[in-house]
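Below: one structure, written as C-alpha cells.
What follows is calculated from the coordinates using simple rules that are stated; it is not laboratory data. The shown structure was predicted, so the numbers you read here are calculated from the model rather than taken from an experiment. Glycine also receives a Cβ, built like all others from the backbone with ideal geometry; neighbour counts cover every protein chain displayed.
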Amino acid sequence: MDIFSYSVTMLGTVAFAITAVLASSKQGIALFGACVLGIITAIGGGTIRDIILDVPVFWSLDLNYIWVGLAASIATFIATPFFKRKLIQSLVLYIDGFGASLFAIQGMDKVWDLQFAMPVGPILLGVITAIGGGVTRDVLAGRKTLIMTRELYATPVLLGCILFSILSHIAPEHRATWGTLCTAFIFGIRSAALHWKLSVPDWLMTKTAEEES
Amino acid sequence: MDIFSYSVTMLGTVAFAITAVLASSKQGIALFGACVLGIITAIGGGTIRDIILDVPVFWSLDLNYIWVGLAASIATFIATPFFKRKLIQSLVLYIDGFGASLFAIQGMDKVWDLQFAMPVGPILLGVITAIGGGVTRDVLAGRKTLIMTRELYATPVLLGCILFSILSHIAPEHRATWGTLCTAFIFGIRSAALHWKLSVPDWLMTKTAEEES
Amino acid sequence: MDIFSYSVTMLGTVAFAITAVLASSKQGIALFGACVLGIITAIGGGTIRDIILDVPVFWSLDLNYIWVGLAASIATFIATPFFKRKLIQSLVLYIDGFGASLFAIQGMDKVWDLQFAMPVGPILLGVITAIGGGVTRDVLAGRKTLIMTRELYATPVLLGCILFSILSHIAPEHRATWGTLCTAFIFGIRSAALHWKLSVPDWLMTKTAEEES
C-alpha cells in the first residue's frame with residue numbers, strides 16, 4: 001500500500017473510533033468501554049472478513065490499526081465536548097463516510113485477489129468490512145443496529161460494491177481505477193445523504209402495518 | 001448430496017430467509033436490511049459452525065445458498081402482504097421448522113465426518129447450525145433471542161441431535177437412517193408445537209421471583 | 001497444565017456458568033436456554049480468542065470444559081433458590097471474579113507462546129478471553145453488556161493484562177511468577193470492588209449531557 005492510501009486508511013480508522021465513542025458517550029460510558037467500542041468499530045469489520053476468508057486478521061500484521069484506534073478513542077473520551085462541537089462532529093461524520101467507502105473497496109480488493117467465492121464473495125465481504133464494525137458496536141452498546149435504520153449508510157456501500165464488481169468483471173485491467181471511482185461513488189451518495197439529510201426512500205421500505213391489506 | 005436432499009436444503013434456505021424478512025417487516029425495514037437479515041438467517045448458523053471447525057464456509061463452495069437466500073428475501077420484501085396471509089405464513093412456519101430439523105442433522109453429519117470433538121462436538125455444532133442464523137437475526141434486529149423465549153423451537157432441535165448422536169454411536173452403519181429418523185423427530189415435535197400452540201412446559205422453566213423462597 | 005491449575009480452571013468454568021444462569025433466571029428461562037447461556041459464558045471468550053488466533057478451539061481438545069459448564073448450568077437451573085441464597089451468591093461472585101482473573105492471564109500466556117501480534121495481541125486477547133463469554137451472554141440475554149456498565153469488572157482485567165505484559169517484557173524469565181502475581185492483582189481489585197461495592201470512578205466516565213458545555 002502506498003503512503004497516501006495508508007494515511008487515508010488510518011484517517012478512516014480514526015473517524016470510526018471517534019464516531020463510536022461519541023455515539024456512546026450520551027449513556028455515560030467508562031474509559032474501558034470507550035476504548036473497546038472505538039477499537040471494535042475501527043477493526044471489527046475487517047476482522048470478521050479475515051476470519052471468514054481464513055487468513056490472519058489484518059491488524060495482527062500491522063498493529064498501527066490498534067494504536068491509532070486506541071489513541072483516537074482516548075482522545076475522544078478526554079475531549080468529548082470538543083468533538084461534539086457542531087462543525088467538528090459534522091466533519092467527523094464525513095470522514096466516517098469516507099472511511100466506510102474506502103474500507104468497502106479495500107475489503108473487496110483483498111477478497112478479489114484471493115478469488116474467494118467469486119463473484120458474490122467480494123461484494124458480501126466488502127459490505128461486511130465497511131459496516132461490520134459499526135454493527136458490532138451497535139449490538140454491544142445496545143442500540144438499534146444500522147441495518148434496521150433508515151439512514152443512507154449501508155445502502156450506498158452495497159451499491160458501490162456491486163458497481164465495483166460489475167466494472168471489474170468487464171474490464172479487470174482497470175481495477176485500480178474502478179476502485180477509486182467506486183470509493184468516490186459511495187462517498188458521494190453518503191455525503192449527499194449527510195448534507196441534504198436524505199434517508200432511505202419509502203419505496204425501499206417494507207410497508208407498515210396500517211398500509212397492509 | 002443427491003438432488004432430493006439438495007432441493008430440500010434450498011427449500012429450508014428459502015423458508016429461513018422468508019421468516020427473517022417477515023419477522024422484521026413490522027418495524028419498517030429497508031430493502032438492504034431485509035436482504036442482510038434474510039441471508040444471515042439462512043447461512044449464519046452454518047457459517048459459525050464452519051468457522052469453529054476451521055473449514056471453508058459452506059457457501060463459498062456453492063454460491064446457490066446466497067442467491068437463493070437473496071431471491072427469497074427480495075421476493076418477501078416485495079410481496080410482504082402475500083406472505084403475511086394466514087395460510088402462507090403458516091406454511092412458511094412449517095417449512096422453516098423443517099429447515100431447522102434438516103440443517104441440524106446435516107450439520108451434525110458434517111461434524112461427525114470430521115470426527116470433531118466427539119461425541120459432544122456434533123451435538124453442539126448441530127444445534128448451532130440450526131439456530132445460529134436465527135439467533136444472529138434476533139440480535140441484529142434487536143429482538144428477544146429465541147434462546148430466551150418459551151417457544152418450542154430450540155429444545156426439539158437439541159433433543160433430536162442428542163438422539164441422533166446416541167443412535168449413531170450404537171449403530172454407526174445405519175447413520176443415514178438415523179439422520180432421516182431424527183429429522184422427522186425434530187420436525188414432528190416442532191409441527192405439534194405449531195399446531196397445538198405448545199410452548200416449553202413450566203417444569204422446564206426457572207422459577208419466577210414470586211415462587212422462590 | 002498441572003493438576004492444581006487445571007482444578008482451578010474448572011472451578012472458574014463452574015462459576016461462569018452459575019453466574020450466567022442466575023443472572024438470566026429472573027426473566028424465566030427454559031432449561032435449554034440456561035444451558036446455552038451457561039456454556040457460552042464459560043467457553044465463549046476462549047473460543048473467540050482461538051478463532052482469531054486460528055488455532056483449534058480449546059474445548060475441542062478437552063471436552064471437560066463443556067461437561068463441567070453443562071453440569072453447572074443444569075445444577076443451577078434445578079437449584080436456583082439455593083444458589084440465590086445471599087452467602088452462596090456472594091461466594092459465586094468471588095469465584096467468578098477469580099475465574100476472570102485466571103482466564104485473562106491463561107489467555108495471555110497462550111497468545112504469548114504463539115508470539116501473536118506482540119505486544120498488543122496478548123493484552124487484547126487476554127481481555128477477550130476473560131470477558132468475551134460474559135459479553136456474548138449479555139447480548140443473547142438482551143441485557144446491557146458489561147462493557148457499558150460502571151461495574152469494576154473489565155477495567156481491572158485490562159489493568160492486570162497490561163501489567164503482565166510490561167513485567168513479562170522486562171523479565172521474561174519470570175513470566176510464571178508474573179502470571180500468578182497479575183492473577184492475584186486482578187482478583188484483588190475485583191474482590192475489593194465486590195466487598196466495598198466500588199464502581200468505575202467519575203473521572204473515568206464520559207461527561208453526561210448536563211455537564212457538557
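With a 10 Å radius around each residue's Cβ, average the other Cβ atoms per peptide and rank A:105-115, C:190-200, highest first.
Ranking the peptides A:105-115, C:190-200 by packing returns A:105-115, C:190-200.
May I ask for the Kirkwood hydrodynamic radius of the range B:1-73, worked out over all distinct Cα pairs and given in angstroms to one decimal?
It works out to 12.6 Å.
Please average, across the residues of A:154-160, the number of beta carbons from any other chain that are within 10 Å of each residue's own beta carbon, and give a whole number. Working shown, then result.
Numbers: counts 4, 4, 1, 1, 4, 1, 0.
Per residue, the number of nearby Cβ atoms from other chains is 2 on average.
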- Could you state the per residue volume, in Å³, of the convex hull enclosing the Cα atoms of the protein assembly as shown? 174
- Task: Calculate how large, on average over all directions, the projected area of the Cα convex hull of the range C:1-122 is; give the answer in nm² to one decimal.
- Result: 7.9
- Message: Taking 2.2 N^0.38 Å as the expected size of a compact globular protein, what ratio does the Cα radius of gyration of the range A:60-152 give against it, to two decimals?
- Response: 1.26
- Enter the mean number of other protein chain beta carbons within 10 Å of the beta carbon of each residue in B:17-27, as an integer. 2
- Which of the listed residues, A:Val57, A:Leu102, A:Ala34, is farthest toward the dipole's positive end in the range A:3-199, when Lys, Arg count +1 and Asp, Glu count -1 at the beta-carbon? A:Ala34
- Query: Taking N as the number of residues in the range C:151-192, what value does Rg over Cα atoms divided by 2.2 N^0.38 Å take?
  - Reply: 1.14
- Message: Show me, bin by bin at 5 Å from 0, the whole-percent P(r) of the range C:53-103 based on Cα pairs.
- Response: 4, 17, 16, 24, 19, 10, 6, 3, 1
- Item | Neighbourhood charge, 14 Å Cβ-Cβ cut-off, centred on C:Leu146 and excluding it, Lys, Arg +1 and Asp, Glu -1 | +2
- For n ≥ 4 DSSP H runs only, could you compute -39500 (n - 2.57) per run for the protein assembly as shown, divide by its residues and tell me the 222 nm figure to the nearest 500? -25000 deg cm²/dmol
- Put one equal scatterer on each alpha carbon of the range A:131-176, apply the Debye formula with no solvent term, and list log10 I(q)/I(0) at q = 0.20, 0.25 1/Å to two decimals. -0.69, -0.83
- Give or take rounding to whole Å, what are the principal axis extents of the alpha carbon atoms in the range C:3-202, in descending order? 49, 40, 32
- Message: Taking each residue in B:68-80, count the Cβ atoms of any other chain within 10 Å of its Cβ, then average. What number comes out?
- Response: 1
- Whole-Hz ³J(HN,Hα) from phi, Karplus 6.51 cos²θ - 1.76 cosθ + 1.60, for the range B:142-150, glycine and proline x: x, 9, 4, 6, 5, 5, 9, 9, 8
- Query: the range B:74-105: which trypsin sites (Lys or Arg not before Pro) are DSSP loop and have at most 13 other beta-carbon atoms within 10 angstrom?
  - Reply: B:Arg85
- Task: Show which lysines lie in cross-link reach of A:Lys197 when reach means a straight Cα distance below 29 angstrom and same-chain residues fewer than eight apart are skipped.
- Result: A:Lys26, A:Lys84, A:Lys86, A:Lys144, A:Lys207, B:Lys26, C:Lys207
- Long-range amide H contacts for B:Ile29: which residues qualify at under 5 Å (H placed 1.01 Å from N, peptide plane, sequence gap of 5 or more or a different chain)? A:Thr206
- Item | Gap separating the Cα centres of the range A:141-172 and the range A:27-64, nearest whole Å | 20
- Note on the structure: Projected convex hull area of the range A:106-213, Cα atoms, direction-averaged, in nm², equals 8.9
- Once the dipole of the protein assembly as shown is set up with Lys and Arg at +1 and Asp and Glu at -1 on Cβ about the Cα centre, which of A:Ser25, C:Ala176, B:Ser168 lies farthest towards its positive end? A:Ser25
